[in-house]
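Please read the structure below before turning to the comments.
The values are calculated or read from the model by the stated rules, or taken from the named source; none is laboratory data. Since the structure is predicted, the reported quantities are computational estimates derived from the model, not experimental observations. Here Cβ is always computed from backbone atoms with ideal geometry, including for glycine, and neighbour counts include all displayed protein chains.
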Protein chains: 2
Amino acid sequence: MSDSSDVLRASIGLAVSTVIFALRDAEGDTSGPAVGTDAPATVWLPLVRRIREPQCGRWALPGGMVELDESLEGAARRNLAETTQLEPAYLEQLYAFGDVDRSPDRRLVSIVYWALVRPDEAERLTLGENVQWFPADELPELAFDHNLIVDYALWRLRTKMEYSAIAHAFLGDEFTLAELRGVYEAVLQKPLDPANFRRQMESSGAIEPTGGVVTGGRHRPPKLYRYTGDVQLVDAGPLTPRISA
Amino acid sequence: MSDSSDVLRASIGLAVSTVIFALRDAEGDTSGPAVGTDAPATVWLPLVRRIREPQCGRWALPGGMVELDESLEGAARRNLAETTQLEPAYLEQLYAFGDVDRSPDRRLVSIVYWALVRPDEAERLTLGENVQWFPADELPELAFDHNLIVDYALWRLRTKMEYSAIAHAFLGDEFTLAELRGVYEAVLQKPLDPANFRRQMESSGAIEPTGGVVTGGRHRPPKLYRYTGDVQLVDAGPLTPRISA
């Protein structure tokens, strides 16, 4: 006869984790992301140090087990709020990771979500000894297969930049061309020619001038732009009503 | 005290399902798909009739539970082979469906895979009273949330056609422009102008002439083409080694 814990161990555990991407300056200045300034921005993500076995002490993506009475996205949001206080507007399912040996003590399948957050959202993160921002391309060895998960999320971010308005998620509703270019440069990790970038964006139909300019008394204040909505930020087809946008 | 079955019922079950798309002529002629012929092709998928409760008698996507010692893709392939004998070359993870009430008797999360199969692969399907092809756009009420799943898979197929070489999965290594156009017309459900289609495909860099023509003694035999490989069929970035191509 087996007791309850044996039965549970012989079942597959279901967890959620979330990769949160934000843009910050290269030094990781906590005073806020540096999009559009002279300092080059890079992609950062918050990690949580594990305080329980297995792999106690290792940094890991925020996450936890799915409760019986909550949806997958609900579980991702709850675990994220509990560990980081983050409540991203943009949250999308990324991939289910289920290799047989990815967790040492029991079979565990993780449904991974990803989110892009604006500077004002990123500021909600309560930093501490066990919660820190890390540059996405220079991570330590993380718990479980979380390095692979972050690599995959970065690949999806860079691929998706090419055919959607995903850069918008890092910016407010209005932005200058220099700020938008800063997002592309940070994500693609290469400098872009300002004149070419302007031509490409203006001919894409994805953005339009708002008619306004940056206030503050400069001689030639930069024009403000917004996305036209012709290119969708999150379009999950029939699933769209179930995904927050 | 709870016994084993109570404990299992209080855990979340993990299942896999697979959406298999193939192109067949509008009448569903079982003699084989009609790509490139005069009969317009449409998107079809195989379904399996449930012979157990819950929802006994309803048609459903081929699938089943994930065993403790198999990967998610391994579970999808095993269940597919057991119910349909299909072994698709192209199999990709689509989405994890996990609404709390999607299965009536216990909490069940399904990791859904999707596959596109060529005519010679589709012929492996062993038809019977409980295994049949259905046109993807005219399905009966399926078990669980499987109608939603098929709608989402169709949306992904149509979206992905626009930025990848996914049409290739429905064809052999060599094909005529008429056959390739037939795939696009079937998936997008609209006729395309042959001259415009030829111009667009030839200028895309995605395909190139093989130098050969269709044999069979016609006066002006159509030229054969192949994909150049500059546009990837399946590119899942860091996960690519784990996905069959």
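Figures for the structure shown
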read-out	value
Scope region A:76-108; condition away from chain B (no Cβ under 14 Å), part of a loop (DSSP other than H, G, I, E, B) and either in contact with a Leu (Cβ under 7 Å, 6 or more places away or on another chain) or under 12 Å from A:Pro62 (Cα atoms) (or both); matching residues	A:Gln85, A:Leu86
Residues satisfying the stated conditions in region A:169-178, i.e. at pLDDT 90 or above and surrounded by 18 or more Cβ atoms within 10 Å (Cβ to Cβ)	A:Phe175, A:Thr176, A:Leu177
Residue list for region A:183-221, restricted to those being closer than 30 Å to A:Leu154 by Cβ and among the charged types (D, E, K, R)	A:Glu185, A:Lys190, A:Asp193, A:Arg198, A:Arg199, A:Glu202, A:Glu208
Matching helices (runs of 4 or more DSSP H) fully within region B:109-200 where at least 3 residues are touching a residue at least 24 places away in the same chain (Cβ under 8 Å), out of contact with any Pro (no Cβ under 9 Å at 6 or more places or on another chain) and over 29 Å from B:Gly64 (Cα atoms)	B:177-188
Matching residues in region B:122-168 - criterion: being at pLDDT below 90 and polar (S, T, N, Q)	B:Thr126, B:Thr159, B:Ser164
A:Val109, sole failed condition from (1) more than 17 Å from the chain's Cα centre (by Cα); (2) over 18 Å from A:Arg77 (Cα atoms); (3) not charged (D, E, K, R)	(2)
Residue within region B:149-161 that is buried (at least 18 other Cβ atoms within 10 Å of the Cβ) and more than 14 Å from chain A (Cβ to nearest Cβ) present	no
Residues being surrounded by 19 or more Cβ atoms within 10 Å (Cβ to Cβ) and either at pLDDT below 90 or among the basic types (Lys, Arg) (or both) - total across region A:89-109	3
Check on A:Val112, on the phi < 0 side of the Ramachandran plot and at pLDDT below 95	no
